[in-house]
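*Asks:* Below is the structure I would like to discuss, written out as structure tokens.
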Amino acid sequence: MNLKSMIGAAALAVSASAATAADDVTLQLKWVTQGQFAGYYVALENGYYAEEDLNVTILPGGPDIAPTQVIAGGSADVVVEWMPAALAAREKGLPLVNIAQPFASSGMMLTCWGDVGISSPADLANRTLGVWFFGNEFPFMNWMSKLGLSTDGKSETGVEVLKQAFNVDALLQRQADCISTMTYNEYWQVIDSGVSPDELVTFKYEDQGVATLEDGLYVLEDKLSDAAFTDKMERFVRASMKGWKWAEENAEAAAGIILDYDETGAQTETHQIRMIGEIGKLTAGSDGSLNEAAYQRTVDTLLGGGSDPVITKAPEGAWTSAITDAALK
């Protein structure tokens, strides 16, 4: 083979390699590795991303990690975020767009001691309530506004807001009458501590009409004008939803995958199996498409924050169906 032929062959080899190289995608999670994100880990472990020619890196979150900041800094292509935080960030200048919504319903609750005289939301006045911040407080604040309760301190028309750590200690130690919990996580931490379900009173945000969309997939708006990027996201969403449906049907196996990827060693099999089972109730029936009615309810809830609404005007361009339309056709 002469030099010209060798160079030509090498060029063809490089071209073939480039043609088959997987596209990189970095996903930033909202929280630590756990069943809340089972669909993504399943898609990674079961090869669904690889089947779509994607090389996906999953970045766990944590108490000091804000997905909005990560994507703003260019360290992620797509993030898992709650819609209140995403819309608030968008109004402040970070152009996040929802491209898929695997979670069809909310898992947020307020969990209260049953022996303190709370039996309905009207009984929350003059109480200390644990609330998560870093964007997670928005649904709570809007609920209090709807109830006509201030969050400036305990009174007949107000509540004391305790900035809750990402655990259940505030309830167990009686620092708060109620705390924020998720149906799939913190509620069960309370139960696992030895508390009986009949000792508790719970209020699901879904039941109170103030639920907002959680755990959607968001990208930066300008990226959607790049055909190569949108193609990657279509493949990413398709593989991710395949992972979610598999997790719904195989909770125990999905829990095993989560444990394999949990570098902290903090998760337990029992808790993860139960978590994935509860998460399955939130993703059930979802193909990843955003429900417009649920979106509008979220917007209306956030606009209804009284004197301090989460957003001050209806967002424009905050979501698109283009990715799911193409991914799921």
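The values are calculated or read from the model by the stated rules, or taken from the named source; none is laboratory data. Since we're looking at a predicted model, the values are computed, not measured. Backbone-built Cβ (ideal geometry, glycine too); neighbour counts: all protein chains shown. SASA here: full protein model, heavy atoms, side chains in, ligands and nucleic acids out. Shrake-Rupley method; radii C 1.70, N 1.55, O 1.52, S 1.80 Å.
*Asks:* Check the range 203-210 and report whether any residue there is at pLDDT below 95 and among the β-branched types (Val, Ile, Thr).
*Replies:* yes
*Asks:* Return the residues of the range 90-105 that are assigned to a loop (DSSP other than H, G, I, E, B) and open to solvent by 10 Å² or more (accessible area, probe 1.4 Å); say none if nothing qualifies.
*Replies:* Across the range 90-105, the qualifying residues are Lys92, Gly93, Leu94, Pro95, Ala104, Ser105.
*Asks:* Another one. Would you check which residues across the range 35-67 are in contact with a Lys or Arg (Cβ under 9 Å, 6 or more places away or on another chain) and of a type in the set (Val, Ile, Thr) and list them?
*Replies:* Passing the criteria: Val42, Ile65.
*Asks:* Given the criteria more than 23 Å from Thr298 (Cβ to Cβ) and open to solvent by 10 Å² or more (accessible area, probe 1.4 Å), does Asp192 qualify?
*Replies:* Judged against the criteria, Asp192 is a match.
*Asks:* Tell me, which helices (runs of 4 or more DSSP H) wholly within the range 229-329 include 2 or more residues that are open to solvent by 40 Å² or more (accessible area, probe 1.4 Å) and among the hydrophobic types (A, V, I, L, M, F, W, C)?
*Replies:* 251-261, 292-303, 322-328
*Asks:* Would you please list the contacts, defined by Cβ atoms under 8 Å and residues six or more apart or on different chains, that run from a residue in the range 109-133 that is within 16 Å of Leu147 (Cβ to Cβ) and in a loop (DSSP other than H, G, I, E, B) to a residue that is small (Gly, Ala, Ser) and open to solvent by 10 Å² or more (accessible area, probe 1.4 Å)?
*Replies:* Pairs that qualify, where the first residue is within 16 Å of Leu147 (Cβ to Cβ) and in a loop (DSSP other than H, G, I, E, B) and the partner is small (Gly, Ala, Ser) and open to solvent by 10 Å² or more (accessible area, probe 1.4 Å), are Ala125/Ser155; Asn126/Ser155.
*Asks:* How many residues are of a type outside the set (Phe, Trp, Tyr) and farther than 16 Å from Glu137 by Cβ when one looks only at the range 160-189?
*Replies:* Matching residues across the range 160-189 total 12.
*Asks:* Sort out which residues of the range 134-175 are assigned to a loop (DSSP other than H, G, I, E, B) and open to solvent by 60 Å² or more (accessible area, probe 1.4 Å), and write them in order of number.
*Replies:* Passing the criteria: Phe134, Asp152, Lys154, Glu156, Thr157, Phe166, Gln173, Arg174, Gln175.
*Asks:* Which pairs have Cβ atoms under 9 Å, sit 6 or more apart or on different chains, and link a residue in the range 251-279 that is more than 12 Å from Ala38 (Cα to Cα) and hydroxyl-bearing (Ser, Thr, Tyr) to one that is open to solvent by 70 Å² or more (accessible area, probe 1.4 Å) and assigned to a helix (DSSP H, G or I)?
*Replies:* Pairs that qualify, where the first residue is more than 12 Å from Ala38 (Cα to Cα) and hydroxyl-bearing (Ser, Thr, Tyr) and the partner is open to solvent by 70 Å² or more (accessible area, probe 1.4 Å) and assigned to a helix (DSSP H, G or I), are Thr270/Asp192.
*Asks:* Follow-up question, since we're still on this one. Going residue by residue through the range 195-207, is there one that turns out to be part of a helix (DSSP H, G or I), open to solvent by 60 Å² or more (accessible area, probe 1.4 Å) and either in contact (Cβ under 8 Å) with a residue 24 or more places away in the chain or of a type in the set (S, T, N, Q) (or both)?
*Replies:* Yes, the range 195-207 contains a residue that is part of a helix (DSSP H, G or I), open to solvent by 60 Å² or more (accessible area, probe 1.4 Å) and either in contact (Cβ under 8 Å) with a residue 24 or more places away in the chain or of a type in the set (S, T, N, Q) (or both).
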